[in-house]
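Notes follow once the structure below has been shown.
The values are calculated or read from the model by the stated rules, or taken from the named source; none is laboratory data. None of the values given here were measured: they were computed from a predicted structure. Note that we place each Cβ from the backbone using ideal geometry, even for glycine, and neighbour counts take in every protein chain shown. Surface accessibility is based on the protein's heavy atoms, side chains included, excluding ligands, DNA and RNA. Shrake-Rupley method; radii C 1.70, N 1.55, O 1.52, S 1.80 Å.
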Amino acid sequence: RGKTDFDASFDAALEKLEAKGQPCGAFFVESGASVAGVVVAPPGYMKRCYEKVRSRGGLCVADEVQTGLGRLGKDAWYAFEAHGVSPDVVTLGKPFGNGVPLAAVVCSRKVAAAFETGPEFFNTFGGAPAACAAGLAVLDALEKDDLRENATRVGARLRDGLEALKREGLQWRGPKAPACAVGDVRGGPGLFLGADLVRDVATREPATAEASWVCGRLVAKHRILTSLDGPHDNVLVLKPPLCFSEADADVFLAALRTELAAVNSLPEDTTFSHCPT
């Protein structure tokens, strides 16, 4: 939906801080922006951002809560690796405990050493034995079950299916143009994907209401949980468990195809209610 000069925007943000006499102290960034609508930074962009922050004395913090621990497939444990950067701090959480509350902060020796002179690091629940056992079990399962390889294979199958749905939207031959079609397939590799649902594949007008309807139908009719993200709440986000199989992918794609056909068959004056995700 239009081009953005990402470098200029980042420079402007740094300059705005400096104009207030507050130079950048740290840069917190998702290595893959899930809430923004499954947006992966252009090649080289993240590396340039890291360099600009560090030239000002700031730290670079990679948020890997949603993209870390092999979600992007066999070639990397963390999404930041694909950008060719080395963060000062990495944050992990959510899938680390596979349902058990668990998070972790990993930092460079230089950052860790800074706590020797204060302020003191304190964590009320740090090192809880049950949570740590859950985390170790997750790491074992990732290795023993080769789940990073599985993420690569199944993620490719999902992407191929979403691209097929995108082509179907472009070639729709129904009584009216699609009210909701896949306009873009984002993310990847691995099991970090997004389907940008639009009302018009040419203008990319967001299908916000229709996407909510589709998301609700996936739950009500197929027992499939997804979520919607992005500035317009129209990007269907796919971040299934890393044990998700090719058969599971096929079931999801068939359900999505069914509900896209259903939403495009509704009367043009249909009103939609919001489906919370």
Residue match in segment 64-76 (condition: touching a Cys at 6+ places or on another chain (Cβ under 6 Å), surrounded by 19 or more Cβ atoms within 10 Å (Cβ to Cβ) and within 24 Å of residue 111 (Cβ to Cβ)): no
Answer residue from segment 228-253, given it is in contact with a Gly (Cβ under 9 Å, 6 or more places away or on another chain) and small (Gly, Ala, Ser) and is nearest to residue 70 (Cα to Cα) among those: 249
Flag for residue 76 being within 30 Å of residue 148 (Cβ to Cβ) and either charged (D, E, K, R) or in contact with a strand residue (DSSP E or B) (Cβ under 6 Å, 6 or more places away or on another chain) (or both): no
Candidates 191, 242, 256, 236, filtered to the one that is among the aliphatic types (A, V, I, L, M), assigned to a strand (DSSP E or B), at pLDDT 95 or above and on the phi < 0 side of the Ramachandran plot: 236
Among (1) without any contact (Cβ under 8 Å) to a residue 60 or more places away in the chain; (2) under 29 Å from residue 97 (Cα atoms), the one test that residue 192 misses: (1)
From the options 262, 211, 179, residue that is assigned to a helix (DSSP H, G or I), in contact with a strand residue (DSSP E or B) (Cβ under 8 Å, 6 or more places away or on another chain) and of a type in the set (A, V, I, L, M): 211
Filter result for residue 221 (open to solvent by 40 Å² or more (accessible area, probe 1.4 Å), in contact (Cβ under 8 Å) with a residue 24 or more places away in the chain, under 21 Å from residue 160 (Cα atoms) and basic (Lys, Arg)): no
Scope segment 1-56; condition in contact (Cβ under 8 Å) with a residue 24 or more places away in the chain, open to solvent by less than 60 Å² (accessible area, probe 1.4 Å) and assigned to a helix (DSSP H, G or I); matching residues: 7, 10, 11, 14, 45, 46, 49, 50, 52, 53
Yes/no for residue 204 being surrounded by fewer than 22 Cβ atoms within 10 Å (Cβ to Cβ), among the charged types (D, E, K, R) and at pLDDT below 95: yes
In segment 110-152, the residues that are open to solvent by 100 Å² or more (accessible area, probe 1.4 Å), in a helix (DSSP H, G or I) and either among the hydrophobic types (A, V, I, L, M, F, W, C) or at pLDDT 95 or above (or both): 136, 143, 144
Among residues of segment 82-109, those that are surrounded by 11 or more Cβ atoms within 10 Å (Cβ to Cβ) and assigned to a helix (DSSP H, G or I), counted: 6
